[in-house]
1. Inspect all residues belonging to the stretch 77-89 and state whether any of them is within 16 Å of the ligand (Cβ to nearest atom) and touching a strand residue (DSSP E or B) at 6+ places or on another chain (Cβ under 9 Å).
2. Mind checking which residues of the stretch 165-179 are surrounded by 17 or more Cβ atoms within 10 Å (Cβ to Cβ), modelled with pLDDT of 95 or more and over 17 Å from the mean Cα position of the chain (by Cα)?
3. Read through the list (1) surrounded by fewer than 19 Cβ atoms within 10 Å (Cβ to Cβ); (2) at positive phi; (3) within 16 Å of the ligand (Cβ to nearest atom), then give the number of the only condition that G105 fails.
4. Take R205 and decide whether it is outside any loop (DSSP other than H, G, I, E, B) and out of contact with any Gly (no Cβ under 9 Å at 6 or more places or on another chain).
5. Do you know which residues across the stretch 15-70 are out of contact with any Lys or Arg (no Cβ under 8 Å at 6 or more places or on another chain), buried (at least 17 other Cβ atoms within 10 Å of the Cβ), at pLDDT 95 or above and small (G, A, S)?
6. So, in the stretch 110-123, exactly how many residues are within 12 Å of the ligand (Cβ to nearest atom) and more than 16 Å from S21 (Cβ to Cβ)?
7. For I133, which of the numbered conditions (1) within 13 Å of the chain's Cα centre (by Cα); (2) under 27 Å from L185 (Cβ atoms); (3) free of Cβ contacts under 8 Å to residues at least 60 places away in the same chain fails to hold?
Amino acid sequence: MATANEAPILPEVASGPAYDSGCRRCARLALFLDDTRAAHPDYVCLPVPPFGAADAPLVIVGLAPGMHGANATGRPFTGDHAGIILYRTLYDYGYATQPVATARGDGLALIGCRITNAVKCLPPQNKPVPAEIRACNSYLSADLCALPDGGAILALGRIAHDATLRALGMAASSLAFAHGARHALPRGVALFDSYHCSRYNTNTRRLTPEMFRSVFDNIATHLGREGARAASALPRK
Ligand code: SF4
């Protein structure tokens, strides 16, 4: 069930340094990328940049690249199991030109949507440590700095939720993560929470397609995309 919370402060979206493909701030992750590149020389194995226009009214924040998906292809959620439900849903709601993401150059484009991650580099076991999440937070600030007034942010999971608040200049604990929650932020922006669309969460049905679509219905209402909501009710191709 959606809940609404008023942000206790008026954060200014801080513009951090832009994405840097050569960043090695996190020694553990940089070395892990080196090892992964050696094992998989055909993988991109770099910090994964955001995908989509900087001023898109919807920004989706995930956790981190998956080894054989985004880390391999160099595009968020592309080739990841989590990308199956994400891109399918984005397509259904009119945010993507096709329902499947396989590789950069697959022809997929985002429409009014941007996708990024709280941590840009592949972490071992998909688990970045807190220092790595903090180290990458200035890049997330940069990813969010062009979000227009009245826009929406979708945080996939608690870590993405907390990192988003920090990137906006707010305390990570100022608003609690809850699946289905809608948090009102200054400038008419709203932060929406969803369980991460990971393989584990979808296989265990902690997150079902219907639950995910309900979150996107709420986002469509916030963004005034009633047409997108109507399209979402059409039979899937
Ligand atoms: S996770 Fe972020 S801060 Fe750390 S090395 Fe990668 S790009 Fe740099």
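1. Checked the stretch 77-89: no residue is within 16 Å of the ligand (Cβ to nearest atom) and touching a strand residue (DSSP E or B) at 6+ places or on another chain (Cβ under 9 Å).
2. The one that is surrounded by 17 or more Cβ atoms within 10 Å (Cβ to Cβ), modelled with pLDDT of 95 or more and over 17 Å from the mean Cα position of the chain (by Cα): L175.
3. If we test G105 against (1) surrounded by fewer than 19 Cβ atoms within 10 Å (Cβ to Cβ); (2) at positive phi; (3) within 16 Å of the ligand (Cβ to nearest atom), just (3) comes out false.
4. no
5. Answer for the stretch 15-70, where residues must be out of contact with any Lys or Arg (no Cβ under 8 Å at 6 or more places or on another chain), buried (at least 17 other Cβ atoms within 10 Å of the Cβ), at pLDDT 95 or above and small (G, A, S): G62, G66, G69, A70.
6. Residues in the stretch 110-123 being within 12 Å of the ligand (Cβ to nearest atom) and more than 16 Å from S21 (Cβ to Cβ): 2 in total.
7. Going through (1) within 13 Å of the chain's Cα centre (by Cα); (2) under 27 Å from L185 (Cβ atoms); (3) free of Cβ contacts under 8 Å to residues at least 60 places away in the same chain one by one, I133 breaks only (1).
Each row is one residue, and each column tells you yes or no for (1) hydrophobic (A, V, I, L, M, F, W, C); (2) surrounded by fewer than 20 Cβ atoms within 10 Å (Cβ to Cβ); (3) free of Cβ contacts under 8 Å to residues at least 40 places away in the same chain.
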| site | (1), (2), (3) |
| --- | --- |
| G150 | no, yes, no |
| A155 | yes, no, no |
| P186 | no, yes, no |
| T208 | no, yes, yes |
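The values are calculated or read from the model by the stated rules, or taken from the named source; none is laboratory data. From a predicted model like this one, the values you see are computed outputs, not experimental measurements. All Cβ positions, even for glycine, are placed from backbone atoms using ideal geometry, and neighbour counts span all protein chains on display.
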